[in-house]
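The values are calculated or read from the model by the stated rules, or taken from the named source; none is laboratory data. What you see is a predicted model; the values in this text were computed from it and never measured. Because the Cβ atoms are built from the backbone with ideal geometry, glycine has one as well, and the counts that use them run over all protein chains shown.
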Amino acid sequence: MPIRRTEFGSGLRIVTERMPGVRSVALGFWVLAGSRDERPAIGGASHFLEHLLFKGTKTRSARDIAEAFDAVGGDVNAFTAKEYTCFHARVRDRDLPMAVDHLCDMVQHSLLRPSDFEAERQVILEEINVHEDTPDDLIHDLFTETLWPDHPLGRRVLGTRESITRISRGQVRSFYRTRYVPGNLVVVAAGNLQHELLLDLVAENMATGPVAASEGSTWNLRAGGHAPVPSGRSLTRRRSTEQAHICIGTNGLSRTDPDRFAFGVVNTAIGGGMSSRLFQEIREKRGLAYSVYSYHSMYAEAGLYCTYVGTTPSRAKQAMAIVRGELEDVAEKGLAPEEFDRAKEHLKGSLVLSLEDPGGRMSRLGKSEIGHGEILTLNQILRRIEAVTPEDARRAAERVLSQPMTETVLGPFSKGALG
């Protein structure tokens, strides 16, 4: 079996997928700590920690960490999301021991020195400035905040200028000590490796406790609370931009919802490719936009469904009317037979292509384990997609697209200009 899983008594989980045809390994340390776990007063703490864990440990400086990976031609990086943080590396198979040693050290023993903390505060404030100056990114934060104004999932991963300016080193250290514990950690590797080797390497560098289970446990999954209610609000943020950036959407489905595969087909048909409805209607037929797409993000208790269009401000109303019309049409009538079949095949094909390299496989395994507590093989996922019927797609479309829609627009408009 190429995918193997071991759980230790501490709650630490290790998952591997062996790919003997490659000479590299993608390694990820997935921590169950994200922006939704922060109080508003410490908004951005998870992302702040992501930065700080590269600044040095008791035995290594930031330069030591960088040079170790550069010396073997490897990569090391990290990202923060709403429900987890991931530290990941890509190295040759022979260099896996080095990568495990360094990531274990970073996750457990980072010092968070006062000087590093203050320097990184300024770096993150600059990152927020860059984000604010990137309207096609900023619009998605505005959309989520407007859709879920009173829910932790609506908060920004980066935090705000105010929260980053106010946050103290003590608050970030407390978050670190509370969240970065073995029971919140999943170590994942995909590539040319042996499962037992990774177990030994991690056990050498971490207090794991005895093996508790080899598969199937759900030791520490995030408990989903009540799903946030879609606000149905509209927001227009005035900004002197060349384009109008538009998001229209609503609640999607949670990552455990049985209709999630069916809605994946619906999303693909609406805005998931060059033959999708939005691409054809908005870009190909009318030339209204260069960038137009839709996406579906899934969380513990809810999902987020969003369509995006970037267009000339004078044509924003027209583009928005087309998006609304297509969403209403799919909600009422479902998908035509030919677009249903095409979307299913597109979804399956894109999934297979995304898993052709170790990094894609490591990412899939990490998200599955830390989010679901179970891992479906590629063939199992393909069978679930194949099992989706037109009636399943119609039901999922109605469930999602009949909800109140939230609209956010960023561009050179005054309040109420778009109706």
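Got a sec? Which of T165, T146 is outside the structural domain of M405 (by TED's automatic domain parsing), surrounded by fewer than 18 Cβ atoms within 10 Å (Cβ to Cβ) and of a type in the set (S, T, Y)? Exactly one of T165, T146 is outside the structural domain of M405 (by TED's automatic domain parsing), surrounded by fewer than 18 Cβ atoms within 10 Å (Cβ to Cβ) and of a type in the set (S, T, Y), namely T165. Given (1) within 30 Å of H226 (Cβ to Cβ); (2) at pLDDT 95 or above, identify the lone condition not met by E301. Here E301 clears every test but (2). Return yes when A336 is aliphatic (A, V, I, L, M), within 30 Å of A387 (Cα to Cα), surrounded by fewer than 17 Cβ atoms within 10 Å (Cβ to Cβ) and in contact with a helix residue (DSSP H, G or I) (Cβ under 9 Å, 6 or more places away or on another chain) and no when it is not. Taking the combined requirement at face value, the residue satisfies it. Within region 277-306, the set of residues being closer than 21 Å to K367 by Cα, part of a loop (DSSP other than H, G, I, E, B) and touching a strand residue (DSSP E or B) at 6+ places or on another chain (Cβ under 6 Å) comprises just one member, A302. Restricting region 202-225 to residues that are in contact with an Asp or Glu (Cβ under 7 Å, 6 or more places away or on another chain) and exposed (fewer than 15 other Cβ atoms within 10 Å of the Cβ), the residue that is modelled with the lowest pLDDT is A213.
Applying a threshold of 8 Å to beta carbon distances and a minimum spacing of six or more residues, or different chains, the list of pairs starting in region 315-338 at a residue that is outside the structural domain of S291 (by TED's automatic domain parsing) and ending at one that is of a type outside the set (S, T, Y) and surrounded by 14 or more Cβ atoms within 10 Å (Cβ to Cβ) is empty. Residues in region 242-254 that are farther than 20 Å from I270 by Cα and crowded, with 18+ Cβ neighbours inside 10 Å: Q243, A244. On the basis of being surrounded by fewer than 20 Cβ atoms within 10 Å (Cβ to Cβ), in a strand (DSSP E or B) and outside the structural domain of D357 (by TED's automatic domain parsing), does F79 make the cut? Criteria met by F79. Return yes or no: is G9 surrounded by fewer than 17 Cβ atoms within 10 Å (Cβ to Cβ) and modelled with pLDDT under 95? Yes: the conditions hold for G9. Taken together, the criteria exclude V15 from residues that are assigned to a helix (DSSP H, G or I) and of a type in the set (A, V, I, L, M, F, W, C). Scanning region 7-34 for residues that are among the β-branched types (V, I, T) and either closer than 14 Å to K367 by Cα or not assigned by TED's automatic domain parsing to the domain that holds P97 (or both) yields I14, V15, T16, V31. Just to be sure, is V100 assigned to a helix (DSSP H, G or I) and either modelled with pLDDT under 95 or crowded, with 17+ Cβ neighbours inside 10 Å (or both)? Against the criterion (assigned to a helix (DSSP H, G or I) and either modelled with pLDDT under 95 or crowded, with 17+ Cβ neighbours inside 10 Å (or both)), V100 qualifies.
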